[in-house]
1. Can you sort Trp6, Trp342 so the residue with the fewest Cβ neighbours within 10 Å comes first?
2. Given labels modelled 7 Å from the Cα in the Cβ direction, how far is it in nm from Glu150 to Ser175?
3. Give the longest segment of the chain that steers clear of GluC sites (Glu not before Pro) in DSSP loops with at most 14 neighbouring Cβ atoms within 10 Å, not counting the sites themselves.
4. Using the structure shown, list the pairs from Lys123/Lys147; Lys2/Lys77; Lys147/Lys340 with a Cα-Cα distance above 18 Å, or answer none.
5. Taking the DSSP beta bridges in the chain as the whole, what percent of them are antiparallel, to the nearest 5?
6. With angles folded into 0 to 90 degrees, how steeply does helix 262-272 sit against the dominant principal axis of the chain? Use alpha carbons for both and round to 10.
7. Scan around Gln108 for amide H atoms under 5 Å from its own, H built in the peptide plane at 1.01 Å from N, and keep only partners 5 or more places away or cross-chain.
8. Most exposed first by the Cβ proxy, i.e. fewest other Cβ within 10 Å, how do Leu44, Leu323, Leu350 rank?
Amino acid sequence: MKAVTWQGKRNVQVDNVPDPTIEQPTDAIVRITSTAICGSDLHLYEVLGPFLDSGDILGHEPMGIVEEVGTGVTHIKPGDRVVIPFNIACGHCYMCDHELFAQCETTQTYDQDMGAALFGYTKLYGQVPGGQAEFLRVPQAQFGPIKVPEGTPDERFLYLSDVLPTSWQAVDYASVPKGGSVTVFGLGPIGQMCARIAQYQGARVVGVDLVPERLAMARRHGIQVVDAAEDDDVPEIIRGMTEGRGTDSVIDAVGMEAHGSPGAKAAQTAVGLLPDAVASRVMETGGVDRLAVLNDCIDTVRRSGTISLSGVYGGTADPLNLLKMFDKGVQIRMGQAHVKRWIDDIMPLLTGDGDPLGVDDLATHRVPLDQAPEMYEKFQKKEDGAIKVVLKP
Ligand SMILES: NC(=O)c1ccc[n+]([C@@H]2O[C@H](COP(=O)([O-])OP(=O)(O)OC[C@H]3O[C@@H](n4cnc5c(N)ncnc54)[C@H](O)[C@@H]3O)[C@@H](O)[C@H]2O)c1
Ligand SMILES: [Zn+2]
Ligand SMILES: [Zn+2]
C-alpha cells in the first residue's frame with residue numbers, strides 16, 4: 001500500500017510499504033478514505049525529529065471503512081464506516097474506567113514514561129504506524145473505532161478523530177464561567193474549533209492569530225479577532241476590551257512552535273542538528289519550547305482565571321513566570337485529549353439539524369495521498385491559504 005512516511009527534518013514522502021495485517025484478536029484493519037494533517041504533525045516535521053525513525057508512517061486523524069476485524073472485535077464489522085481516535089485506549093483499565101483515555105494503562109509507553117500510545121506519533125508514544133496511508137492496523141479495536149452513519153461527506157465526521165474532541169476538552173478545561181469570556185490564542189484548526197465551541201456554549205470569544213486567512217475564517221464564524229501581527233501587546237489589547245481585567249479564561253491552541261520566541265527557536269534548531277541519540281537526550285532533560293504565547297496567556301487571563309493548554313509542549317526546562325502565575329492565582333489544565341470522553345457530547349451536533357460548529361467549513365485542501373509532501377510544506381509555511389488539509393488515499 002501507499003503511505004506517508006517521515007524521512008527527516010521537513011522531509012516526508014509517499015512510499016510503497018507492506019499492507020498491515022491482523023496481529024492480535026483485538027485488531028482491525030481499516031481502509032482509509034480521508035486522513036487529515038494536523039498541527040501536531042508539524043512538530044514531527046520540524047522539532048521532534050530526534051524521536052522518529054526514517055520510514056515511520058505518519059498520521060493520526062483517519063477515517064474509513066472496516067476491512068477486517070480480529071475475533072475479539074464485536075462492535076464493528078467489515079463494511080462499517082468508522083472514525084479512529086488518535087489515542088489508542090483499551091476501554092477497560094483503571095484510567096479508561098475514569099474516561100482518561102489519553103493515559104490508558106494498557107497502551108502507555110512505559111519504557112518512555114509517557115501516556116497512552118498514539119497513532120503515528122514518535123517513539124515517545126509507541127511508534128505505532130499512522131493513518132496517512134491506504135490501510136491502517138487499529139490496535140485495541142474492541143474499543144477505539146467510532147461508528148458513524150452513512151450518507152454524508154467524510155468531513156462531517158472526520159474531525160472526531162482529534163480536532164473536535166481536542167477543542168471540546170480545551171473549552172471544558174478552560175472553565176469559562178456562565179456568560180464569561182475566553183481568549184483563544186492560535187486560529188489553526190484547533191483554535192477555530194475552540195472558538196466556535198466556546199461561542200456555541202454562550203461565551204464571549206476573542207481569537208488571536210497573525211495569518212490573515214485564519215483571522216478571516218474566525219471572523220466569518222462570528223468570532224471577534226485580534227491580529228497579533230499588527231499589535232505587539234496582545235494582552236494589553238484584550239485587557240482594553242475587558243474593563244482592564246483580561247478574559248476569564250484563555251486557551252492556548254498554538255503550542256511549542258509559537259512565533260515570537262527567537263531564543264527558544266534557535267535552541268530548538270540547534271538541538272535538531274545534533275545526532276538523534278544525543279538530541280533526544282538533550283530534549284528530555286533540557287529541551288525548551290517557544291513560550292511567547294504561553295507567556296501571553298499568563299498575561300491575558302484575568303486574576304484567578306483559568307488557562308487551558310491544548311497546544312502541545314515538550315520542553316523539560318522551560319522558564320515560566322511563576323511569580324505572576326502564583327500572584328494572579330492562575331489555574332492551568334492541559335494534556336492530550338481523551339478523545340472518546342467527548343464523543344457523546346459532540347455527536348448530536350454533527351447528526352442533528354444544520355451544522356452548528358461549521359465542520360463543513362474547515363478544510364481548505366482535499367488532495368490525493370500522493371500530494372502529501374507538498375501539502376506538509378504548504379501547511380507548515382501557511383501558503384496557499386492552507387488551514388486544514390485532508391488527504392484522500
Ligand atoms: N492536546 C491535544 O490533544 C492536541 C490535539 C491536536 C493538536 N494539538 C496541538 O494544538 C496546537 C494547534 O494545532 P493546529 O492543528 O491548530 O495547528 P496550527 O499549526 O495550524 O495552528 C497554530 C496556529 O497558531 C498561530 N500562532 C503561532 N504563533 C502565534 C502567536 N505568537 N500568536 C498567535 N497565534 C500564533 C499560527 O499562525 C497558527 O494559525 C498544536 O500545538 C498541536 O500540536 C493538541
Ligand atoms: Zn491531530
Ligand atoms: Zn485503558
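A short reminder: the numbers here are calculations on the coordinates, not readings from a lab. All values reported here derive from a predicted model rather than from experimental measurement. We place every Cβ from the backbone using ideal geometry, glycine too, and count neighbours over all the protein chains shown.
1. The most exposed by this proxy come first: Trp342, Trp6.
2. Simple spin-label model gives 4.6 nm for this pair.
3. Formally, the longest exposed-site-free interval is 244-382.
4. Checking Cα-Cα distances, Lys123/Lys147; Lys2/Lys77 exceed 18 Å.
5. 50 percent
6. Result, in degrees: 20.
7. Ala117
8. By the 10 Å Cβ count, ascending: Leu323, Leu350, Leu44.
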